[in-house]
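The structure under discussion appears below in the form of structure tokens.
The values are calculated or read from the model by the stated rules, or taken from the named source; none is laboratory data. For clarity, every value in this text was computed on a predicted model and none was experimentally measured. Areas reflect the complete protein model, heavy atoms only, side chains present, ligands, DNA and RNA absent. Shrake-Rupley method; radii C 1.70, N 1.55, O 1.52, S 1.80 Å.
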Amino acid sequence: MFARFTNRTLCRVAFGGMAFDDGKLKETLKEITSLMSGFSASDIFPKVGWIIDRLTGMHGRLEKCCHDLDKFFQDIVDEHRNPERWKPEHEYDLIDVLLELDMDLTSPICLTNDHIKAILMNVFLAGVDASSVTMNWAMAELIKNPAAMKKVQDEVRNYVGRNTDKVDEKDLDHLQYLKMAVRETLRLHSPLPMLLPRESMNNCKIDGYDIKPKTRVLINAWAVGRNPAYWHKPDEFYPES
């Protein structure tokens with residue numbers, strides 16, 4: 001239910017209401033999520049790992065997923081470029097905004113077609129799965145912790161009221177305990193326990209080790225969020241921490 005909700009919300013904002021109901025593309029997204037969270041030899045052995053990834057089929061699977069997603073995003077961009085496309089008056093989605101920047105000769109931002117597709121891929125891959133997984137874990141933790149659940153409910157009901165079924169974006173700044181519960185959920189249940197690989201930009205020293213530029217860095221978000229040196233009750237859902 002949360003996955004369908006985040007899918008439809010994101011599609012409306014980014015693509016103008018085109019829901020992600022294609023079965024093949026759903027499988028592509030599932031495959032990409034599996035690849036991002038799985039083992040890649042290139043992450044551990046940057047110079048020779050690509051050979052292992054080709055032998056295991058990891059490289060081929062990733063190439064196919066990227067090709068399928070690129071075609072999906074290209075079709076959507078082409079549809080938005082069509083001057084005969086119907087759209088509700090005064091209703092713009094993310095692609096409309098990006099295309100306007102691309103066509104505005106006075107804009108300091110220069111966007112190519114690949115830039116637009118890359119932005120859409122980041123929004124889509126990070127938006128649907130991560131948001132739905134976080135909401136699932138948040139509800140599970142609140143159900144397991146009735147005291148925290150009651151605090152969240154009381155805060156929402158006391159500020160927004162009991163006779164309304166809608167919380168507006170402007171209300172969120174006043175729901176501090178709800179924000180604490182969400183942050184605690186992300187601490188305990190990161191959508192990607194091992195974050196996507198980064199590369200260091202400059203020379204630096206960490207715990208006595210010299211880290212050179214272009215070094216591949218892997219961040220263990222799960223371990224950071226449960227380190228007892230920094231968190232009170234690290235393995236428990238405790239928003240007040």
Study note, to complete from the structure: When all Cα-Cα pair distances of the range 162-241 are considered, the percent exceeding 16 Å is 67
Study note, to complete from the structure: Over all Cα pairs of the chain, the Kirkwood radius sets Rh, and Rg/Rh then becomes 1.01
Exercise for review: Compute the whole-percent fraction of alpha carbon pairs in the range 87-227 spaced more than 17 Å apart.
Suggested key: 76
Review point. How much mean residue ellipticity at 222 nm does the chain get from its helices, if each DSSP H run of length 4 or more adds -39500 (n - 2.57) and you divide by all residues, to the nearest 500 deg cm²/dmol?
Key: -18500 deg cm²/dmol
Check your understanding: Rolling a 1.4 angstrom probe over the protein heavy atoms, how many square angstrom per residue are accessible across the chain?
Key -> 69
Point to revise | Among the listed pairs 30/166; 71/179; 64/214, those beyond 30 Å (Cα-Cα) | key: 30/166; 71/179
Study note, to complete from the structure: Expressed as a percent, the portion of alpha-carbon pairs in the range 103-156 spaced more than 16 Å apart is 65
Practice item. Would you work out what percent of the accessible area of the chain, with all protein chains in place, is carbon or sulfur (probe 1.4 Å)? Key: 59
Study note, to complete from the structure: Length-normalised contact order of the range 84-241, Cα under 8 Å, at least 6 apart, in percent, tallies to 17
